[in-house]
Amino acid sequence: MQQQKGFTLIELIIVIVILGILAVTAAPKFIDIQKDAKAGTVKAVDGALSSVSSIVYGKALIAGQTGATGTVNVNGVATALVYGYIASSVNLTSLLDIDTEMAPSFKATTGAAAGVGEPGPNKSAITFYGDNATTFDYSTLSATVGCAIIYTQSTGPNVAATVTMYNGGCN
């Protein structure tokens, strides 16, 4: 009798079924990678903005520009200040040197009214619109909705500016 070489048809089918089961259980994890990447990018921009805010405040202290208005040079550009912190009128993507040509989904907005299209009084924002989106609704931001960073300028002496990140809705 000859000795069998290779797999039987049943063994091959069992292996294919096992690989199919593994693929079905692993697919959701791989599909979620894009969402995690966008949320991570927003988190990185949040960290960069917090760092820049602290550095600019340090420069303002040294230059004596901690009054209700002031300016300091950041990368050769005069940057408006409110109580030593970056003013909400400053374009944050320019300040952070985010190339919106390469990353067109990131938009900087400064606003005077809260709600759709405006981040709110004394605030500016960097939003991630997502694929093919052209507007952003600031009134719906929450821990699980939205993909944005809201920068709120200082409201008085010895009151720090705040950076709030919303990355739970990055899709």
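Based on this model, can you work out whether residue 48 counts as modelled with pLDDT of 75 or more and either under 20 Å from residue 147 (Cα atoms) or assigned to a loop (DSSP other than H, G, I, E, B) (or both)?
Details: modelled with pLDDT of 75 or more: yes; either under 20 Å from residue 147 (Cα atoms) or assigned to a loop (DSSP other than H, G, I, E, B) (or both): yes.
Taking the combined requirement at face value, the residue satisfies it.
Those residues that are free of Cβ contacts under 8 Å to residues at least 60 places away in the same chain, in a loop (DSSP other than H, G, I, E, B), farther than 16 Å from residue 98 by Cα and of a type in the set (S, T, N, Q), I need them from region 66-80; list them, please.
The answer is 69, and nothing else.
Could you count how many residues in region 63-88 are among the polar types (S, T, N, Q) and surrounded by 14 or more Cβ atoms within 10 Å (Cβ to Cβ)? Walk me through it before giving the result.
So the first thing to find is which residues in region 63-88 are among the polar types (S, T, N, Q), and the list is 65-66, 69, 71, 73, 75, 79, 88.
Filter again for surrounded by 14 or more Cβ atoms within 10 Å (Cβ to Cβ), leaving 65-66, 71, 79, 88.
Matching residues across region 63-88 total 5.
Among the residues of region 143-171 satisfying the criterion of being of a type in the set (S, T, N, Q) and in contact with a strand residue (DSSP E or B) (Cβ under 9 Å, 6 or more places away or on another chain), which is farthest from residue 109 (Cα to Cα)?
Narrowing region 143-171 to residues of a type in the set (S, T, N, Q): 144, 152-155, 158, 162, 164, 167, 171.
From what is left, the residues that are in contact with a strand residue (DSSP E or B) (Cβ under 9 Å, 6 or more places away or on another chain) are 144, 152-155, 162, 164, 167.
Working: 144: 21, 152: 12, 153: 14, 154: 17, 155: 19, 162: 16, 164: 15, 167: 17 Å.
For region 143-171, the residue satisfying everything is 144.
Can you tell me which of 124, 105 is within 15 Å of the chain's Cα centre (by Cα), at pLDDT 80 or above, among the small types (Gly, Ala, Ser) and within 15 Å of residue 45 (Cα to Cα)?
Values: 105 fails: at pLDDT 80 or above.
So the residue among 124, 105 that is within 15 Å of the chain's Cα centre (by Cα), at pLDDT 80 or above, among the small types (Gly, Ala, Ser) and within 15 Å of residue 45 (Cα to Cα) is 124.
Under 7 Å by Cβ, and 6 or more places apart or on different chains, what pairs join a residue from region 154-171 that is more than 21 Å from residue 139 (Cβ to Cβ) with one that is of a type outside the set (A, V, I, L, M, F, W, C) and assigned to a strand (DSSP E or B)?
154/85; 160/85; 161/85; 161/151; 161/152
Does residue 29 qualify as being loosely packed, with under 10 Cβ neighbours inside 10 Å, among the charged types (D, E, K, R) and not in a strand (DSSP E or B)? Walk me through how you get there before you give the answer.
Numbers: loosely packed, with under 10 Cβ neighbours inside 10 Å: yes; among the charged types (D, E, K, R): yes; not in a strand (DSSP E or B): yes.
Yes; evaluated as a whole, the condition is true for this residue.
The values are calculated or read from the model by the stated rules, or taken from the named source; none is laboratory data. Just so you know, these numbers come straight off a predicted model, no measurement behind them. Note that we place each Cβ from the backbone using ideal geometry, even for glycine, and neighbour counts take in every protein chain shown.
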